[in-house]
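The structure appears right after this line, and notes come after that.
Coordinate-derived values only; no laboratory data. Just so it is clear, the structure is predicted and the values come from calculations on it, not from any experiment. Cβ atoms come from the backbone with ideal geometry, glycine included; neighbour counts cover every protein chain shown.
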């Protein structure tokens, strides 16, 4: 126990939680000035919370969850339309909200069911706004049907990715995308007239986290696969692919450029924002 | 006796969930269930498979669920057991893949990303940067008990109150609070020691 020697140690979490009174907070901060260990522990606590929030935040609800309701139950407890333990997508999926009436409970705990027309109207509104968001986010529905989580070799990815999933409007947004994913902000600055960058795509190629630049150089599609250097699996292209592979390391990242071109056309224009 | 937590857990008039009600509750509980899954498994990439498997299992056992009790607590237990089984299966597969020379087969997508796993070792040459910190943190997380990990993530990542954590984990509120505080303290100590050791190694080089 360190209660007597370091009375504030047990209050680090309360301080980081913002659960202290103003006076308590000031006392704690004064104690930190004199206590290097408390300062270090608090900094570690803050860094831990921040990293956990970044690394392990739950993703949005998967589409298959909404499809559970559209599958009939069989007597033995399995869901129709499944194979290998995975709920399969159907041609005409019925979203949950179109089938179920929303349930609302008042303060007395009594249950009311909203009218069906209201539920349908809400669903239509949701779907319309969702479609609009997708339209803007994906840049006109490029790569519809493209599954970014499916593993692809470099050659397969080159064949499958024709258009970007994401278009950055500014250099800051571009750098921020890589900063958020790899903690390395990178820039693409090209003044060559025969080189252009269309946008970004996500793919499971070097690792599950690979980001792919989709561009064009001297009339050929060019993809640059970017991931963390220490995860580099050192991929190769098949001899008969007709493609060339170029590698470069930039600021803790590894980049593989794939195209039919005889030399790397995009790699040289990539730098870290600190360069 | 039924407590307040249980009374508002499921808003249904029937004594049995149908698949639509189940789907609605599952969707509402998604963040909690996902966090329980990642806390048990220690890796992001397998959580979705576990949740799908858990949903299938739960759908087959809807008759066992009492709609007057907490859905999250019931479903959370299913996710937990499914995740534990999945982890064991994965361990067995890893042991078999190791082969006679003891070397793991190389795959095109190495599973050492800090975003994708908790377990494993930090590469020796990794510098003390954010990435190294993340990897160390995830390694340290796996040294906590499963309950501590889950309570901590529900608190820090999902921002739940101790009461909500207690409801999801089917444990007293004080226990949930204790798990979170012990987990945070242990992590701070482990990370501190780890950074100190790394710094000393660097200084000797």
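At full extension, residue A:146 and residue A:124 could sit 5.4 nm farther apart than now, given 0.36 nm per residue minus the alpha carbon distance. What FRET efficiency would be calculated for the residue pair residue A:162, residue B:92, taking the C-beta separation as r and a Förster radius of 51 Å, to the nearest 0.05? Computed FRET efficiency for residue A:162 and residue B:92 comes out at 0.80. One chain, two ends: residue B:143 and residue B:77. Fully extended at 0.36 nm per residue, the span grows by 21.6 nm beyond their Cα-Cα distance. Using the Cβ-Cβ distance between residue A:248 and residue A:172 with R0 set to 22 Å, the FRET efficiency from 1/(1 + (r/R0)^6) comes to roughly 0.45.
At q = 0.14, 0.16, 0.19 Å⁻¹ the log10 of I(q)/I(0) for region A:154-272 amounts to -0.51, -0.68, -1.00, computed by Debye summation with a single uniform scatterer per C-alpha, solvent ignored. Note on region B:51-92 and region A:244-261: Cα centroid distance 44 Å, given to the nearest whole angstrom. Label point of residue A:153 set 7 angstrom out along Cα-Cβ; within region A:240-275, amide nitrogens under 19 Å from it belong to A:240-247, A:256-261.
Counting neighbouring Cβ atoms within 10 Å and putting the fewest first, the residues B:16, B:182 line up as B:16, B:182. Applying 1/(1 + (r/R0)^6) with R0 = 41 Å to the Cβ-Cβ distance of residue B:66 and residue A:20 gives a FRET efficiency near 0.50.
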